[in-house]
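The values are calculated or read from the model by the stated rules, or taken from the named source; none is laboratory data. Just so it is clear, the structure is predicted and the values come from calculations on it, not from any experiment. With ligands, DNA and RNA removed, areas are computed over all heavy atoms of the protein, side chains included. Shrake-Rupley method; radii C 1.70, N 1.55, O 1.52, S 1.80 Å.
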Amino acid sequence: MDHEPTQFPTRRAIVGGVLALGAIPACAAATRIPGLFAGTYANEGGAGLVPLVEEGGKWRAAAADAAIRNASFGVSDRGRRIRYLLDEQRHGMLGVYDASMRRLESVATMGADPCHAALSASGKMLAVANYSSGNVALWALDPATGRLRGPAQIVAHEGSGPNKERQSEPHAHWVGFTPDGAILHAVDLGADTVFAHRIDPRTGRLVETSVAYRAAPGAGPRHLARHPRLPIAYLVTELANTITILHAAQDGTFAQRAEVSTLPVGFDGPSAAAHIALNAAGTRLYVSNRGHDSIAVFAIGRDGGLQLLQHVGCGGRWPRHFHLLDRHGEMLVANQHSGGVGRLRLRPDGRLHEPANGFSVPGIVFIGT
């Protein structure tokens with residue numbers, strides 16, 4: 001449900017068809033969900049939250065939980081006892097679920113079209129990015145149960161960009177905490193900005209907002225990924241189709257070191273970069289290209305620099321999200337427009353084999369655990 005160029009479906013057009021669904025009653029029947037699941041958009045034929053099951057070396061989609069709709073993103077606590085799933089609609093909702101996917105509570109995200117969420121390393125805070133309303137919500141969590149404690153704190157972004165269709169106002173697209181939990185970073189596509197929301201360590205309250213990094217005008221930053229060891233972060237831009245290598249300073253600011261394209265040399269068709277992730281070792285970086293319909297694979301140098309290794313097909317159309325299964329040796333790609341999962345085996349050097357043995361999941365937009 002992304003706001004995309006006019007030749008692509010817009011987030012507003014797709015979400016508009018599901019506004020009448022509202023919140024699902026907390027007493028609705030729940031299905032036990034295994035380790036992996038796919039979130040789907042109801043307006044694109046999604047049946048709900050779909051378990052992904054591996055049997056005999058093959059993946060398949062199991063029966064969906066129809067009560068959990070429009071799960072565009074979600075996060076789990078470290079023990080996987082609690083899951084937090086977004087319900088992306090104009091009046092955004094957040095559902096909190098136990099290990100058997102029984103809903104414990106459902107609350108408004110206090111914004112429109114929530115599209116990303118993050119847990120602090122301590123497990124004491126949860127943040128959500130509300131795309132269309134351009135604001136961020138922050139909840140305190142009960143350390144024992146993971147349940148929400150009190151109402152959310154809301155901070156609104158300010159700013160715009162030169163792309164009048166996509167950047168007329170702020171659009172928060174990603175949130176993430178610093179390892180110490182002192183700063184909540186938020187990437188805003190509409191404002192071409194990474195904001196730093198400072199958190200008082202004693203009270204857990206948001207106390208100050210500043211600019212951590214200004215992207216190039218019109219770049220449309222979407223997601224950010226941190227290196228597991230180096231003071232480096234990688235910012236993917238949806239509109240410019242680039243990865244910006246950033247030095248992460250201790251004060252929460254970022255400084256640009258270099259920039260690389262997510263697309264092959266010579267490609268000039270419409271495309272919009274989407275998801276970005278590193279492997280656990282911090283030696284490979286992966287980015288999905290919607291339009292070019294590929295996964296770009298980069299080698300990460302000892303200093304955090306990037307070297308392109310390959311572009312490989314995603315096994316479908318419009319790879320909005322992917323889930324990297326390092327230990328399992330493969331990547332599963334959520335191909336939104338073709339309504340299926342692309343399965344790409346990992347090579348020993350971190351590159352990807354051509355997609356094979358994909359399967360259908362109508363309306364898929366997210367793969368999580």
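For this structure, a couple of remarks:
- Whole-percent carbon and sulfur share, accessible surface of the range 251-369, 1.4 Å: 47
- Label selected from (1) -1.03; (2) -0.85; (3) -0.95, the criterion being log10 I(q)/I(0) by the Debye sum over Cα atoms at q = 0.12 Å⁻¹ as computed here: (2)
- Carbon + sulfur, % of accessible area of the range 47-138 - ligands and nucleic acids excluded, 1.4 Å: 53
- When H171, H311 are compared by accessible area at a 1.4 angstrom probe, the order from most to least is H311, H171.
- Figure note: R81, R147 ranked by solvent-accessible area, largest first, 1.4 Å probe, ligands and nucleic acids not counted: R81, R147.
- Solvent exposure of the range 47-141 as accessible area per residue, Å², 1.4 Å probe: 33
- Normalised contact order of the range 259-369, rounded percent, pairs of Cα under 8 Å and 6 or more residues apart: 18
- Of the two radii for the range 262-369, the radius of gyration is 0.95 times the Kirkwood radius, both from the alpha carbons; that is the Rg over Rh value.
- Relative contact order computed over the chain (Cα-Cα under 8 Å; 6+ residues apart), in percent: 11
- Among A42, A66, A118: highest mean-square fluctuation, GNM of the chain, C-alpha pairs under 10 Å: A66
- Sum of -39500 (n - 2.57) over DSSP H runs of 4+, divided by residues of the chain (222 nm, nearest 500): -500 deg cm²/dmol
- For E105, the solvent-accessible surface computed with a 1.4 Å probe is close to 30 Å², ligands and nucleic acids excluded.
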